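The values are calculated or read from the model by the stated rules, or taken from the named source; none is laboratory data. Here the structure is a predicted model, which means the values were calculated and not measured. Backbone-built Cβ (ideal geometry, glycine too); neighbour counts: all protein chains shown.
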């Protein structure tokens, strides 16, 4: 596969399919956004969060996926769609949206864990994209400040609630699933 890309060009999903699989990039409305490797705290939070969701979803219709996992928010049959994101964690309840390359359409739940290099992108650009695409629930996890912003879609607008590290947060799209935030934030008592 080719690795040829130029930041000044307009890209589609068809272009991404021609790139080497080792390239981690998103395209937002045709513009490429390279992704830096996440730090250890980011990976600890993602792993713990995914483990909780994965365990809860055993034997259920919905499935959880962890990055790297491509999501085409506005898929087109001719692969000319110009937006492909790689959320940290997604939950998809409609099996028809899943193919061998990822998710085609809005997941039911998206979780993004903030990193210094991605904070603005996740809080502004992706927030608007997920809202427009109809992602029913969007969690932004801020490990540094130990808070989670939960955005629930209502009439195509997000209603936001903020939770701290001692809170237990219900997952709106997964009735019965509650995330105890003390289980996902890195343990600081040991210096980790």
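In the range 121-141, the residue that is modelled with the lowest pLDDT out of those that are at negative phi and surrounded by fewer than 18 Cβ atoms within 10 Å (Cβ to Cβ) is 123. Restricting attention to the range 132-172, the residues being in a strand (DSSP E or B), free of Cβ contacts under 8 Å to residues at least 60 places away in the same chain and either under 15 Å from the mean Cα position of the chain (by Cα) or within 16 Å of residue 41 (Cβ to Cβ) (or both) number 11. Could you list all residues from the range 99-108 that are in contact (Cβ under 8 Å) with a residue 24 or more places away in the chain and either within 10 Å of residue 63 (Cα to Cα) or in a loop (DSSP other than H, G, I, E, B) (or both)? Answer for the range 99-108, where residues must be in contact (Cβ under 8 Å) with a residue 24 or more places away in the chain and either within 10 Å of residue 63 (Cα to Cα) or in a loop (DSSP other than H, G, I, E, B) (or both): 101, 105, 106, 107, 108.
Residue 96 meets the stated requirement of being within 20 Å of residue 174 (Cβ to Cβ), surrounded by fewer than 20 Cβ atoms within 10 Å (Cβ to Cβ) and out of contact with any strand residue (DSSP E or B) (no Cβ under 8 Å at 6 or more places or on another chain). Looking across the range 173-192, the residues that are closer than 22 Å to residue 55 by Cα, in a loop (DSSP other than H, G, I, E, B) and at pLDDT below 95 come down to 184, 185, 186, 187. Only one of the numbered conditions (1) at pLDDT 95 or above; (2) crowded, with 18+ Cβ neighbours inside 10 Å; (3) more than 12 Å from the chain's Cα centre (by Cα) is violated by residue 106, and that is (3).
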